Amino acid sequence: ALFNHMASEIVGQDQILNKSIKDLLAFKSVDDKDEKFDLKQLVSTHEREDLRLKVPDGSYMNVSLSMAPYIVDGQHKGYVLIIRDITKDKTIEQERSEFIAVAAHELRTPLTIAEGDVSFLLSPPYLPADPQAVHMLNGAMRSLTQLSHIINDLTNLSRVDSEQLDVKVEPLNPMQLLEELKADFSDQAKAKGLSIVTEFDPSVDVPATLTSRYVVQEILITLISNAIKFTEQGVITLALVRPKDKPDGVTFCVRDTGIGISYSDQKKIFQKFFLSEDYMTRIHGGTGLGLYIAKKLADRLTGSLWFETDLGKGSAFYLWIPPYSRDRKDQAEVAPAEAKEFFNNV
């Protein structure tokens, strides 16, 4: 084995020689589970950013790990492991998340008061007689609403990145949820001259689903808000579909007739703080956090989120939720008998 000076410091030089990788490197995940890697099964590069490595004094350090087979002239010669200490990076990230959480919390109270005051002034008997004053108050309310959405994104970002969002599962009726969201967004869609409809394919058998209603709703709200934002004319469709590769669980679809997503943006759409440089996208503003948070939330439900798009014609975002969503942080597995009992009684 060949190793550099830093590797000998991390694991102890006297312990490296004549030791197997399994015995030498003791990794844990962020939720304190032991992580084992079988190098014999490694056929391509594998990377992890969420590991902790035990060091000689018995403590653990935050590390990233890259592993790849070492091949020369078509022959397998061994493996290359690159371990990087990211403790400082993690500390900075934690401090940033804490600052965002505190700032968002402190901003929310005065914002709520301002929204209430402006709403009060826009209602009889306090509604001004001067049309210009009404116009200015409506502009203020729109700005306050936009700021509220930004603060909500920052709050969710902090909770998702720090994995502080609790996932409490409960029975979910997918059709009922979509009908409720249709009613909630009907006025917003109508204000832009759009119609919002629900679509349930009669051939789709909607199973009983045990998941987090709150998390699913948050994801769908993001998708519907984006659909309305980036659609100037046409229809927003909230549907239940059954993709061929997702026969189990429930698949939601939010489809629009908007501007679509350019090819250059498609690989970045779920990245944190990503904002397209396309003019039609930039004029709508935003934090670049909505889809990043939605993707992280889908992962928390052991679900998946993806999209199809046709530039200039619209996009369709799909959210698949398994029959039983289990928070990936949860240490306890649900007994098959318990799951079976649930589906027999719903």
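The values are calculated or read from the model by the stated rules, or taken from the named source; none is laboratory data. Nothing here was measured: the structure is a model prediction, and the numbers come from that model. Cβ atoms come from the backbone with ideal geometry, glycine included; neighbour counts cover every protein chain shown. Heavy atoms of the whole protein, side chains included, go into the accessibility calculation; ligands, DNA and RNA do not. Shrake-Rupley method; radii C 1.70, N 1.55, O 1.52, S 1.80 Å.
The figures follow:
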quantity: Qualifying residue in the stretch 89-102 (condition: touching a residue at least 12 places away in the same chain (Cβ under 8 Å), over 23 Å from the mean Cα position of the chain (by Cα) and part of a helix (DSSP H, G or I)); calculated: no
quantity: Yes/no for Ser203 being in contact with a Gly (Cβ under 9 Å, 6 or more places away or on another chain) and of a type in the set (S, T, N, Q); calculated: no
quantity: Residue satisfying condition, being free of Cβ contacts under 8 Å to residues at least 60 places away in the same chain, open to solvent by less than 80 Å² (accessible area, probe 1.4 Å), closer than 16 Å to Phe3 by Cβ and under 26 Å from the mean Cα position of the chain (by Cα), within set Val80, Val63; calculated: Val63
quantity: Subset tally (residues that are surrounded by 14 or more Cβ atoms within 10 Å (Cβ to Cβ) and modelled with pLDDT under 75) for the stretch 94-113; calculated: 3
quantity: Some residue of the stretch 308-321 being open to solvent by 50 Å² or more (accessible area, probe 1.4 Å) and at pLDDT below 50; calculated: no
quantity: Those strands (runs of 3 or more DSSP E) lying entirely in the stretch 190-268 with at least 2 residues touching a helix residue (DSSP H, G or I) at 6+ places or on another chain (Cβ under 7 Å), charged (D, E, K, R) and at positive phi; calculated: none
quantity: Check on Pro128, in a loop (DSSP other than H, G, I, E, B) and either out of contact with any Gly (no Cβ under 7 Å at 6 or more places or on another chain) or among the basic types (Lys, Arg) (or both); calculated: yes
quantity: In the stretch 165-223, residue nearest to Pro323 (Cα to Cα) [restricted to those that are open to solvent by less than 20 Å² (accessible area, probe 1.4 Å) and within 16 Å of the chain's Cα centre (by Cα)]; calculated: Thr211
